[in-house]
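Accompanying notes for the structure given below.
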Amino acid sequence: MNRSTLRLAAVSAVAAVTLGAGAGLAQASQAAEARPAAAPAALSAADARALLTNPAVKAELKAEDTRALRAVADGTASKAQSRAAISGAVKALFNLMKRHGGKLWDDAVKAAKSGWGKFRSYMNGLSWYHPVRIAWVALGAEAQYQLYTYIRSLFA
């Protein structure tokens, strides 16, 4: 066996593995399309309590948003109140970010334009005691992603 035969065998093996993995992924994506979409995750009671105890976020909440978050925190929220709680929390964090403005706001917009991973990394990279970071952590995954899509839609 010479060098070109070994090289051809290696390329063939890599191609076979790649095609095999691709076929499995294609089947998985088709199966996901066949299933109905799951309902979006709601804000947890613990997240709602954390947002309500954060003075920086509480100052940004409107009265109806506070009521919705209290209902979620108590576990008595309807679906409409759960959606209103997420929406109110996202608006509160958005307003908090704009209030801090300057470099934080510019960098957050720049990260949002770069994609979800960059935005999440930027927000998680803020110092642990920063009010925006505290609110970000309390927000929960669904509301974090909604904040990202909102900011991205404003500047994309």
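The values are calculated or read from the model by the stated rules, or taken from the named source; none is laboratory data. This one's a predicted model, so the numbers in the text were calculated from it and none came from an experiment. Counting neighbours? That spans all protein chains shown, and the Cβs are built from the backbone with ideal geometry, glycine included. Please note that ligands, DNA and RNA were not included when accessible areas were found on the heavy atoms of the full protein model with its side chains. Shrake-Rupley method; radii C 1.70, N 1.55, O 1.52, S 1.80 Å.
Of note:
- Label-point gap, in nm, between S153 and N124 - each point 7 angstrom along Cα→Cβ: 2.5 nm
- Residue-count net charge about I86 - beta-carbon cut-off 15 Å; Lys, Arg +1, Asp, Glu -1: +2
- Excluding ligands, DNA and RNA, the accessible surface per residue across the stretch 43-152 is 52 Å² with a 1.4 Å probe.
- For K113, the lysines whose Cα comes closer than 17 Å to its Cα, not counting residues fewer than 8 places off in the same chain, are K98, K103.
- Net +/- balance of residues flanking D107 in space, Cβ distance below 12 Å, scoring K and R +1, D and E -1: +3
- Inter-site label distance for K62 and T76 at 7 Å from Cα along Cβ, in nm: 2.3 nm
- With a cut-off of 10 Å between beta carbons, the residues surrounding A42 carry a summed charge of 0, where Lys and Arg count +1 and Asp and Glu -1.
- Note on exposure: T76, T149 ranked by accessible area (1.4 Å probe, complete protein assembly) read T76, T149, with the most exposed listed first.
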